[in-house]
């Protein structure tokens, strides 16, 4: 059994022509020989991700879904630029090689980056990794350390000062997700009025040290060393990256962090092994982050509550499509229950908060 992330046969209708890609890559990447094979990574509902394998060298190709025209949602040039410039300050970011703007080549823009080969954790830690509680705790702290390092990157030195607008970031997130949620409302969905009012009322000032915000930092977006699974060697999925309040990014990660003591209904939402023996609790996660970042964090409740609300917005947008028959995937029928549960969790946070 292999534990490294594997590509599979390309899905029908999403094929790429190796005879077209091969000469283009050989013209832009020195030292390529032979004919590449092309397979596809099964994940990724937003952009499509392929493995382009030459003898002795492997690359990852990213392109928008076929038929998609909204460049703002699938901005290959922006992703490429982030990878290309951030790698110098954050080496866990894969190296980018080339960005192709000629849409006639394969039917859309694309970029090519190095393949970082390793293990990606999903819901649970495979027993084959042999991670006991002590080693799992070390992995958990390594996961948090990488987030702290990202937030402390000098984005000016990386040439990314224009990646986003840190001023007013928190307010834009609250108002933006409120607007998106309200547009996705269905008759059976909670309105989140009390939570939204609290987030507006308790809104913190702009962070004095804004940083690079990943916006989707979870275990299934990091790559572990196959020989030492406590070591993180890569961070993926930079499409939502911007500049802003790093503590909002922390809140995003915490919203996905289901711990062992959470009740059974909450456990059903778990998508990563954050409840495994040795994993830190959310409170320990925050304390360790604050210690490593050298900050005092008294308003953890605000950022966690925001993360839950944002996650509910994502969930409700998907459920809206199911409710209106825009998708037939019956898994999405359960998303309304997830939304209600997230609101209950947020109200509990507010009820116990000292803010």
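The values are calculated or read from the model by the stated rules, or taken from the named source; none is laboratory data. Predicted, not measured: the structure shown is a model, and the values here were computed from it. Neighbour counts run over all protein chains shown; Cβ positions are idealised from the backbone, glycine included.
Here are the numbers for this structure:
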quantity: Candidates 247, 243, filtered to the one that is surrounded by fewer than 22 Cβ atoms within 10 Å (Cβ to Cβ), touching a residue at least 40 places away in the same chain (Cβ under 8 Å) and either within 25 Å of residue 147 (Cβ to Cβ) or not assigned by TED's automatic domain parsing to the domain that holds residue 84 (or both); calculated: 243
quantity: Tally of residues being closer than 18 Å to residue 89 by Cα and surrounded by fewer than 15 Cβ atoms within 10 Å (Cβ to Cβ) across region 196-236; calculated: 1
quantity: Selection from region 145-179 of residues that are buried (at least 19 other Cβ atoms within 10 Å of the Cβ), in a loop (DSSP other than H, G, I, E, B) and out of contact with any strand residue (DSSP E or B) (no Cβ under 8 Å at 6 or more places or on another chain); calculated: 158
quantity: Filtered residue count, region 18-48, keeping only those that are at pLDDT 95 or above and assigned to a strand (DSSP E or B); calculated: 4
quantity: Members of region 126-142 that are crowded, with 20+ Cβ neighbours inside 10 Å and either free of Cβ contacts under 8 Å to residues at least 24 places away in the same chain or in contact with a helix residue (DSSP H, G or I) (Cβ under 7 Å, 6 or more places away or on another chain) (or both); calculated: 131
quantity: Residues of region 325-353 classified as without any contact (Cβ under 8 Å) to a residue 40 or more places away in the chain and not in a helix (DSSP H, G or I), total; calculated: 5
